[in-house]
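The values are calculated or read from the model by the stated rules, or taken from the named source; none is laboratory data. Just so you know, these numbers come straight off a predicted model, no measurement behind them. Here the Cβ is made from the backbone with ideal geometry for all residues, glycine too, and neighbour counts use every protein chain on show.
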Amino acid sequence: MPSTKRCLTESAANKAIGGVPTLHYFDFQSRGRGQVIRLLWEDAGIAYDDIRYSFEEYPEYKKSRVSEMNPTANIPVIELNGRILTQSYAILRHFARQLGRYDGSTEEEKYWADAMCDIVIDWRTLFVDAFFSDNQKEIYPKHCQTTRARYLQALETHLKSHDLSTSGPYIIGKNITYADMVLYQILHDENLTQDGRKGIKDYPRLVQLVDAVESRPNIKAFLQSDRYLG
Ligand SMILES: N[C@@H](CCC(=O)N[C@@H](CS)C(=O)NCC(=O)O)C(=O)O
């Protein structure tokens, strides 16, 4: 049976998005595409119901409950007031707009957040392919040395050179966007935020972004809570 847990208490932010959302996702520690959505809700102080499927039970639910909710039979899936929301990045952008924050205020800021997010979408697809490959022992280390290094360098270069990114710790400078959470989470899932940021020591601008995300009061509280599963 998937586990269900109510996280946080209802707040004004729940009103802004229209209630208490339910997330359907893997019980994969605090990792993956679904975790980025949890992170946004944690930062915004949104209460949510967290339904977690173990990897063993998921195939059975994929055929039934998940494919009834989502024609592509993927998770994350959100239920909110009788509505079903699918596609994690569209979901993040949707909540950002509803909250009136997390996606920049000018067109240039919105474009830049979306562009940086798109880079991470490409990276995550390749990360998942390598990490969950049948031949993980060989393929994942190769991914880390080639593909991952290329994405780290590209993101570092963008953050060090774009006018918005040079004006503060986040992608658009002083204000966090959903894209910072997307970027933070891939760095976390590739085990680069842990162990004193050892894995990104050559990318100081990425370290600055990770430090800024982890210093946010609600994220800090989340990382120290029993909701954070590593
Ligand atoms: N573009 C989709 C991709 C969804 C996706 O690939 N989800 C993965 C987990 S992160 C999944 O459902 N894997 C299990 C499966 O495909 O059966 C999104 O961003 O939501």
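Residue count for the stretch 43-56, restricted to those that are surrounded by 14 or more Cβ atoms within 10 Å (Cβ to Cβ) and over 17 Å from residue 224 (Cα atoms): 8. Applying the criterion of at least 3 residues that are within 13 Å of the ligand (Cβ to nearest atom) to the strands (runs of 3 or more DSSP E) found wholly in the stretch 1-89 leaves 22-26, 83-86.
Yes/no matrix, rows are residues, columns are (1) in contact (Cβ under 8 Å) with a residue 60 or more places away in the chain; (2) within 28 Å of residue 18 (Cα to Cα); (3) aromatic (Phe, Trp, Tyr); (4) touching a strand residue (DSSP E or B) at 6+ places or on another chain (Cβ under 6 Å):
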site	(1), (2), (3), (4)
104	yes, yes, no, yes
114	yes, yes, no, no
130	no, no, no, no
144	no, no, no, no
149	no, no, no, no
156	no, no, no, no
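Taking the stretch 172-194 as the range and being within 15 Å of the chain's Cα centre (by Cα) and either without any contact (Cβ under 8 Å) to a residue 24 or more places away in the chain or part of a loop (DSSP other than H, G, I, E, B) (or both) as the test, the residues that pass are 176, 187, 190, 191, 192, 193. The residues listed here are 187, 159; of these, the one that is within 15 Å of residue 35 (Cα to Cα), at pLDDT 95 or above and surrounded by 14 or more Cβ atoms within 10 Å (Cβ to Cβ) is 187.
Of all residues in the stretch 102-121, none satisfies being closer than 26 Å to residue 47 by Cβ, touching a Lys or Arg at 6+ places or on another chain (Cβ under 6 Å) and not in a loop (DSSP other than H, G, I, E, B). Of all residue pairs spaced 6 or more apart or on separate chains, those with beta-carbon atoms under 7 Å, a first member in the stretch 1-18 that is touching a residue at least 40 places away in the same chain (Cβ under 8 Å) and a second member that is surrounded by fewer than 10 Cβ atoms within 10 Å (Cβ to Cβ) are 18/81. Of all residues in the stretch 88-137, those being surrounded by 14 or more Cβ atoms within 10 Å (Cβ to Cβ), hydroxyl-bearing (Ser, Thr, Tyr) and under 17 Å from the mean Cα position of the chain (by Cα) number 3. With respect to being among the basic types (Lys, Arg), on the phi < 0 side of the Ramachandran plot and free of Cβ contacts under 8 Å to residues at least 40 places away in the same chain, residue 33 falls outside the description. Looking only at the stretch 195-218, residues that are over 21 Å from residue 121 (Cα atoms) and not in a helix (DSSP H, G or I) come to 3 in all. Scanning the stretch 193-218 for residues that are within 16 Å of residue 175 (Cα to Cα) and among the acidic types (Asp, Glu), we see that the one that is surrounded by the most Cβ atoms within 10 Å (Cβ to Cβ) is 214. Among the residues of the stretch 32-42, is any aromatic (Phe, Trp, Tyr) and either in contact with a Cys (Cβ under 6 Å, 6 or more places away or on another chain) or surrounded by fewer than 16 Cβ atoms within 10 Å (Cβ to Cβ) (or both)? Checking the stretch 32-42: not a single residue is aromatic (Phe, Trp, Tyr) and either in contact with a Cys (Cβ under 6 Å, 6 or more places away or on another chain) or surrounded by fewer than 16 Cβ atoms within 10 Å (Cβ to Cβ) (or both). For the stretch 122-149, which positions are part of a helix (DSSP H, G or I) and of a type in the set (S, T, N, Q)? Of everything in the stretch 122-149, those that are part of a helix (DSSP H, G or I) and of a type in the set (S, T, N, Q) turn out to be 125, 136, 145, 146, 147.
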